[in-house]
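K.L.:
Below is a structure I'd like to ask you about.
The values are calculated or read from the model by the stated rules, or taken from the named source; none is laboratory data. Predicted model, so just to flag it, every value in this text is computed and none were measured. Please note: Cβ atoms are built from the backbone with ideal geometry, for glycine as well, and neighbour counts cover all protein chains shown.
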């Protein structure tokens, strides 16, 4: 498994817009109709990455905790499904159902959305404020597969709590680490 860090989009960057198919509803979804009033968490994930599998339960817990506070969660998979068929839309739908995703799971077939966000790995996390300006990009927490460190979602939780309190998000942010996005040849 390749250990690839996130690219760390510059803070203040506007969230790139998109319209992508939601594999769970078979409908098109846009950033505009999914964005939260207080914040929007955009996550690049996939089905097979051990780093994603390691944190998926905490991602669901975070979403369940914060979604009723005006914070939306959006998951996007951008992997090449020819080379990695386990990440195909039908398998994405199975993964979302199995893990009880309370949020949309979108398929970025062209990989243009991942490129617009400068996403590099799975999982890769971005938090945008109510104006869709980037206030956080980086890791969920310090846990990694086989690290012995419990998965808590500490970094994302702290950023979201600060936002809900009307306080600025800390500027010292750690890159996420995961499997590289599987780019098309």
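K.L.:
Scan region 32-52 for residues that are out of contact with any helix residue (DSSP H, G or I) (no Cβ under 9 Å at 6 or more places or on another chain), crowded, with 16+ Cβ neighbours inside 10 Å and not in a loop (DSSP other than H, G, I, E, B) and jot them down.
P.N.:
Within region 32-52, 34, 51 qualify.
K.L.:
In addition: Report whether or not residue 184 is modelled with pLDDT of 95 or more and over 17 Å from residue 11 (Cα atoms). Walk me through it before giving the result.
P.N.:
Values: modelled with pLDDT of 95 or more: no; over 17 Å from residue 11 (Cα atoms): yes.
So residue 184 fails the test.
K.L.:
Does residue 72 count as surrounded by 21 or more Cβ atoms within 10 Å (Cβ to Cβ), under 18 Å from residue 34 (Cα atoms) and under 12 Å from the mean Cα position of the chain (by Cα)? Give the derivation first.
P.N.:
Numbers: surrounded by 21 or more Cβ atoms within 10 Å (Cβ to Cβ): yes; under 18 Å from residue 34 (Cα atoms): yes; under 12 Å from the mean Cα position of the chain (by Cα): yes.
Yes: the conditions hold for residue 72.
K.L.:
Let me ask something else about it. Quickly run through region 146-165 and pick out the residues that are surrounded by 13 or more Cβ atoms within 10 Å (Cβ to Cβ) and not in a helix (DSSP H, G or I). Don't jump to the end; show me each part of the working.
P.N.:
Going residue by residue through region 146-165, those that are surrounded by 13 or more Cβ atoms within 10 Å (Cβ to Cβ) are 151-164.
Passing the criteria: 151, 152, 153.
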